[in-house]
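Only one structure is covered here, and it is reproduced in the block below.
The values are calculated or read from the model by the stated rules, or taken from the named source; none is laboratory data. In this text, all values refer to a predicted model and were calculated from it rather than measured experimentally. Positions of Cβ are generated from backbone atoms using ideal geometry, with glycine treated the same way; all protein chains shown enter the neighbour counts. With ligands, DNA and RNA removed, areas are computed over all heavy atoms of the protein, side chains included. Shrake-Rupley method; radii C 1.70, N 1.55, O 1.52, S 1.80 Å.
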Amino acid sequence: MSRGVRWAGAVQGTAAAVQLLITLSFLRSVVQAQVSPDRVHPAPPLDSGAGCAWAAAGVPRVRAQVAGVLDDCLCDIDSIDNFNNYKIFPKIKKLQERDYFRYYKVNLKRPCPFWAEDGHCSIKDCHVEPCPESKIPVGIKAGHSNKYLKVANNTEELEDCEQANKLGAVNSTLSNQSKEAFIDWARYDDSQDHFCELDVFSCSDERSPAAQYVDLLLNPERYTGYKGPSAWRVWNSIYEENCFKPRSVYRPLNPLAPSRGEDDGESFYTWLEGLCLEKRVFYKLISGLHASINLHLCVNYLLEETWGKPSWGPNIKEFKRRFDPVETKGEGPRRLKNLYFLYLIELRALSKVAPYFERSIVDLYTGNTEEDADTKTLLLSIFQDTKSFPMHFDEKSMFAGDTKGAKSLKEEFRLHFKNISHIMDCVGCDKCRLWGKLQTQGLGTALKILFSEKEIQKLPENSPSKGFQLTRQEIVALLNAFGRLSTSIRELQNFKVLLQHSSV
């Protein structure tokens, strides 16, 4: 839907559902929309001073849903859907269930550095409760040496543990024995490469004394009831203060901004289209992350609770509220486009980092030799699939100007992203904070990879690398964050089916 199109006379019920269904179907052609080769432009030269300042005049662009970087990729959404849903999603889902990838170390107690906290969410689906020691998988419990027992996790135990923790509240408390196991993991990681240091994009707080391991399988990302001014303030701070936007430009549908009458976002998108490639990319990444998180909440929504037993599932009404072109005044399709763009960015990062993991010196250590080998085999299979994708985003077009200007812009890009990672400490819901921090670190790790191509190419086969290294936390965040995006793409197809039979 171009911005020139006005969805007039929208009706409720079935008609609205059909309209959103048409939007989802139309997304297939959104990004392949008749962009001829002479309309594809590389990033313009960066000025040595401002770095990113260049005139948009004279650069032809297709308006509305075919504007921006995603169009320059010439990627069609139908191909992305098929590639993800049938090739990537089944494998990434299996990978996330492996011990190496299910435990994430995070500090949920760090205070908000920007404003006085509202107080943590009191809703039972938000807060932290301990998981009983008996429910912690035996495979990660350390003895007195580097030995772990191989025990299959019992599905009934997982369900009991989740029920005991009130509908999936964050399990941030672990036994001393389990903590010893994780320390053992860290010792092993450090012994493999002593050149690792905290990366500016990865935003990890794993070395914080307050950081604790969380079992991601017992804490699925879902709707918790966390909303209103506290949640709005977090996202408002991200968009208004960290997306290179002047305060005179108002973001559409911002509940904290004054009404702009009949603007409907025209001035915002005029401003956005005038930005250089790098700053447009930054906005699209954040918008895509926001859209993906919103989609997860629509998929795992608390539909009802009878006699203390919750019923979780997809909420079509909530999905329409966040993505319907009428209810969002055209914003919904843009948000979904940015989700696809973010998917392409992280997909590209996975294809680029494959050589790092293909080395024999790199393993995914948990102490269980057989399972560790199977996990690496599965991971390498995913990397092979990512490398086979034919329509990757070309990151070489970013920061490609003169050295001084590119370096200045890259530093500005880094600082803005780092600031967003700190804003995640202002999220008032622990479970929301957990997944916000993980997905932010995952995106940061993807950016680190894309900006380290030369270092990755020079990796030694059988010795530690000084130029490029990934910590366990970065690896876990990277693959889980991409797993969340893969799930979002998959769930969009499910919503399409649901909308066909909906009268909401």
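Quick notes
- ARG321 being of a type in the set (Lys, Arg), over 18 Å from PHE89 (Cβ atoms), modelled with pLDDT of 90 or more and open to solvent by 10 Å² or more (accessible area, probe 1.4 Å): yes
- Which listed residue is open to solvent by less than 20 Å² (accessible area, probe 1.4 Å) and more than 22 Å from LEU485 (Cα to Cα), from SER230, SER267, SER237, SER292: SER237
- Exclusive hit being touching a helix residue (DSSP H, G or I) at 6+ places or on another chain (Cβ under 6 Å) and of a type in the set (Lys, Arg), set LYS396, LYS458, LYS437: LYS437
- Some residue of the stretch 262-273 being more than 30 Å from PHE389 (Cα to Cα) and β-branched (Val, Ile, Thr): yes
- Unmet criterion (only one of (1) open to solvent by 70 Å² or more (accessible area, probe 1.4 Å); (2) farther than 26 Å from TRP235 by Cα) for GLU411: (2)
- Counted residues, the stretch 452-504 - those being outside any helix (DSSP H, G or I) and open to solvent by 10 Å² or more (accessible area, probe 1.4 Å): 16
- If you go through the stretch 356-384 and keep only what is small (Gly, Ala, Ser) and over 24 Å from the mean Cα position of the chain (by Cα), you end up with SER360, GLY367, ALA373.
- Residue in the stretch 431-441 that is under 24 Å from PHE114 (Cβ atoms), out of contact with any Cys (no Cβ under 9 Å at 6 or more places or on another chain) and of a type in the set (S, T, N, Q) present: yes
- Hits in the stretch 422-438 (condition: crowded, with 24+ Cβ neighbours inside 10 Å and within 20 Å of LEU350 (Cβ to Cβ)): TRP435
- Options GLU346, GLU318: the member that is of a type outside the set (Lys, Arg), more than 23 Å from PRO252 (Cα to Cα) and assigned to a helix (DSSP H, G or I): GLU346
- Residue in the stretch 373-380 that is closer than 27 Å to SER267 by Cα and either outside any helix (DSSP H, G or I) or open to solvent by 10 Å² or more (accessible area, probe 1.4 Å) (or both) present: no
- With respect to the conditions (1) assigned to a strand (DSSP E or B); (2) within 25 Å of the chain's Cα centre (by Cα), PRO310 lacks only one, and its number is (2).
- Here GLY401 clears all of (1) of a type in the set (Gly, Ala, Ser); (2) open to solvent by less than 40 Å² (accessible area, probe 1.4 Å); (3) part of a helix (DSSP H, G or I) except the condition numbered (3).
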